[in-house]
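Novice: Here it is, the structure in full.
Coordinate-derived values only; no laboratory data. Nothing here was measured: the structure is a model prediction, and the numbers come from that model. Please note: Cβ atoms are built from the backbone with ideal geometry, for glycine as well, and neighbour counts cover all protein chains shown.
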Amino acid sequence: MSRIPAAKRRRLSPPEDSGSESPEPQSTRSKFLASAAKWDLEQDYEQRPRKLKKQKEIARLPVRTTEGWTQPAVAPSAVKEEEEEESEEISADEEDEDEAAEEVVEEKPKVSAKQQILEAKEELARIATLINEDPEEHIGSLKTLAAIAASENITIRKLALAAQAAIFKDLIPGYRIRPLPEDSMTEKVSKEVRKLRNFEQKLVTSYQAYVQQLGKLARSSGSTTSEASASVATVAISCACNLLTAVPHFNFRGELLKILVGKLSTKRVDGDFAKCRETLEKLFENDEDGNASLDAVTMLTKMMKSKNYDFDESVLNTFLHLRLLSEFGSKASYNSVDKPKDDEYHGKKIKQKREFRTKRQRKLLKEQKAIEKEMKEADATVSHEERDRMQAETLKMVFVAYFRILKARSQRLMGAVLEGLARYAHLINQDFFGDILEALRDIIHTAEVSAALEEEENEEDEDEDDIPERSLTRESLLCVITAFALLQGQDGSTAASTLKLDLSFFITHLYRTLHAVSLNPDIELSANSLHLPDPNAPQTQTSPTNKVNVQTTIVLLIRSLTSVLLPATALRQVPPIRIAAFCKQLMTISLHLPEKSSIAMLGLLTKVAKIHGRKIDALWNTEERRGDGIFDALKPEIEGSNPFAATVWEGELLRKHFCPTVRDAVAGLERTVMEAR
């Protein structure tokens with residue numbers, strides 16, 4: 001049986017090893033080329049990772065399978081070990097980075113404090129030299145100085161503050177820099193003008209930041225919390241004082257004055273306090289235009305009112321250094337200033353012929369006046385009218401402070417106020433004169449009442465020695481001196497006729513206090529005298545409670561007696577009975593006064609004898625007595641004491657005084673009286 005061959009089948013898919021490729025359709029090729037044109041090969045390359053993961057080498061041989069030669073798969077344990085190794089590498093890298101960072105911190109060079117200070121000095125000197133050589137080019141170095149001043153090292157900070165003050169003193173021009181308006185910022189100017197404007201604005205900005213920093217640091221002055229901050233505050237106050245003395249015309253003068261006034265408002269008197277007070281005194285003495293003095297006095301009066309007049313009296317004495325004491329000619333009070341009146345013309349005034357100007361001419365004239373005003377401000381020239389106006393406002397502020405303290409009856413400041421009013425007597429107008437005299441009368445009356453109450457308490461409680469003693473005698477003497485100084489500063493005849501002033505109250509009070517003053521053991525000692533306190537006195541009396549001024553009590557007494565017995569030319573008409581009563585009492589108290597005080601009192605009597613010798617010569621001659629009755633030395637009224645019924649027998653005792661100078665003074669007094677007959 002024949003075998004039938006199997007039918008052949010056609011292979012549909014080409015063999016794998018066939019090298020022939022079927023041609024692609026045309027549409028597919030065109031699409032491929034079109035899309036390939038849009039590929040961004042550079043961007044793809046840029047986005048590829050630069051660091052590939054390390055593939056672990058597989059040591060196993062390939063295996064032949066039905067699909068061909070294949071590499072055996074990595075065991076899961078091996079994959080896990082690889083991941084652990086990678087994580088360990090990452091952690092190791094992080095640890096290395098941390099260690100490197102720590103090493104960087106630790107490797108930071110540790111410079112000693114002495115070396116830092118030395119380097120800071122060199123840097124400050126270098127910057128100062130650059131700024132001094134070309135200020136406009138290196139004006140930006142001021143920010144570097146401010147950064148150095150913010151150092152944590154206290155010494156470096158103090159050096160930087162002092163260096164800034166010295167540099168600003170050299171850089172600041174002789175005029176005040178005004179802020180530029182918005183219009184001038186956009187206008188076209190030359191290169192030199194633009195450079196100058198840039199320099200000025202940067203200078204003002206840096207100076208403002210520096211002054212603000214001084215104000216913040218100065219608040220720690222006198223604090224006991226930190227010695228470092230207190231030392232920095234001392235340097236800041238010193239820098240502010242130097243700037244205010246050197247450049248009082250420049251910007252931010254008010255900020256510097258706030259620093260000084262803030263320190264003067266404290267009760268603690270230390271070196272910074274004295275520095276601020278002396279700076280204000282120099283400012284008042286050197287101020288020519290009066291602007292700085294007006295600002296300082298205004299701030300001081302506001303500070304005094306806010307402190308309820310509880311501050312050191314030396315602050316009030318700074319008003320005695322104002323230049324208006326010798327320069328200002330008008331009179332003023334606390335609310336007005338007397339202006340000089342022009343000669344009044346009572347006839348018919350002639351109408352002045354007005355010059356015709358066109359609108360353009362008037363506009364040009366107005367612009368010219370504005371330019372002249374700016375030129376005067378730039379040249380720092382102040383007219384006499386402007387200076388008088390500033391000084392008048394300053395004088396009103398001073399009188400406001402004085403009169404408020406008089407009303408407040410501040411015991412600590414009463415002496416300084418009375419001394420100040422005596423110095424300003426020639427500048428007080430008559431409207432203010434009556435108010436002051438009334439206040440002085442109240443002060444003396446209060447002192448008399450207080451003294452009477454103290455005597456009654458001493459009589460009732462003789463065993464109690466802890467009663468504090470007030471300086472009522474000094475206060476009353478200052479009131480008498482101030483009253484007569486005010487009257488001498490006025491036109492005496494006009495004042496007496498218009499205001500009907502009577503100073504007999506002050507004269508009578510002075511007469512009644514002569515014996516009490518002569519028995520004062522500290523009559524030649526002032527509040528600032530160095531002397532040992534009385535060991536038997538209570539502790540409350542070891543230091544005086546009312547330091548009025550540095551003058552001694554005997555000096556105040558002689559000043560008041562000179563005002564009463566030797567007044568001004570317009571008031572030379574002194575009654576003979578007053579002269580005689582005072583001379584008799586002064587000869588009596590000369591027996592109790594110390595050596596120097598007795599010499600001064602006899603010298604005053606000699607001056608009185610030269611002028612009023614004929615009125616008092618009967619006291620030295622018993623045969624020429626003109627009075628009848630008995631002399632009463634304790635009579636409170638001068639007219640009722642009957643002085644012409646007595647004789648000056650105290651001269652015989654003073655001739656036997658232990659001091660030869662006193663004996664010579666008595667002989668000279670009697671010789672003057674004999675020559676006056």
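Novice: How high is the FRET efficiency between residue 115 and residue 209 when r is their beta carbon distance and R₀ equals 25 Å, given to the nearest 0.05?
Specialist: Working: r = 29 Å, r/R0 = 1.14.
Efficiency, from the Cβ-Cβ distance: 0.30.
Novice: Filter the cross-link list 407/615; 169/191; 188/369; 143/258; 202/363; 169/373 down to pairs whose alpha-carbon distance in this structure exceeds 31 Å. Don't jump to the answer; show the numbers that get you there.
Specialist: Details: 407/615 41 Å; 169/191 26 Å; 188/369 24 Å; 143/258 24 Å; 202/363 35 Å; 169/373 27 Å.
Those over the limit are 407/615; 202/363.
Novice: Mind checking the full-extension length gain between residue 361 and residue 195? Use 0.36 nm per residue of separation minus the Cα-Cα distance, one decimal, nm.
Specialist: On the way: separation 166, 0.36 × 166 = 59.76 nm, distance 3.47 nm.
Here the segment from residue 361 to residue 195 would lengthen by 56.3 nm.
Novice: Looking at the square roots a ≥ b ≥ c of the eigenvalues of the Cα gyration tensor of the range 222-326, which shape do they give, rounded for a/c under 1.5, prolate if a/b is larger than b/c, or oblate? Kindly include the intermediate steps, with their values, before the conclusion.
Specialist: Working: a/c = 1.98, a/b = 1.33, b/c = 1.49.
Oblate, because a/c is 1.5 or more while a/b does not exceed b/c.
Novice: What FRET efficiency comes out for the pair residue 504/residue 122, r = Cβ-Cβ distance, R0 = 60 Å, nearest 0.05?
Specialist: Calculated transfer efficiency: 0.20.
Novice: By how many nm would the segment from residue 175 to residue 134 grow when fully extended, if each residue of separation counts as 0.36 nm and the alpha-carbon distance is taken off? Walk me through the numbers on the way to the answer.
Specialist: Values: separation 41, 0.36 × 41 = 14.76 nm, distance 1.96 nm.
Separation in residues times 0.36 nm, less the Cα-Cα distance, equals 12.8 nm.
Novice: Would you mind calculating the relative contact order of the range 574-677 from Cα pairs under 8 angstrom and at least 6 residues apart, reporting the percent as a whole number?
Specialist: Details: 135 pairs, mean separation 37.6, N = 104.
This gives 36 percent for the range 574-677.
Novice: Give me the number: length gained by fully extending residue 623 to residue 216, i.e. 0.36 nm times residue separation minus the C-alpha to C-alpha distance, one decimal in nm. All intermediate terms of the calculation are to be shown ahead of the outcome.
Specialist: On the way: separation 407, 0.36 × 407 = 146.52 nm, distance 8.03 nm.
Extra length from residue 623 to residue 216 when fully extended: 138.5 nm.
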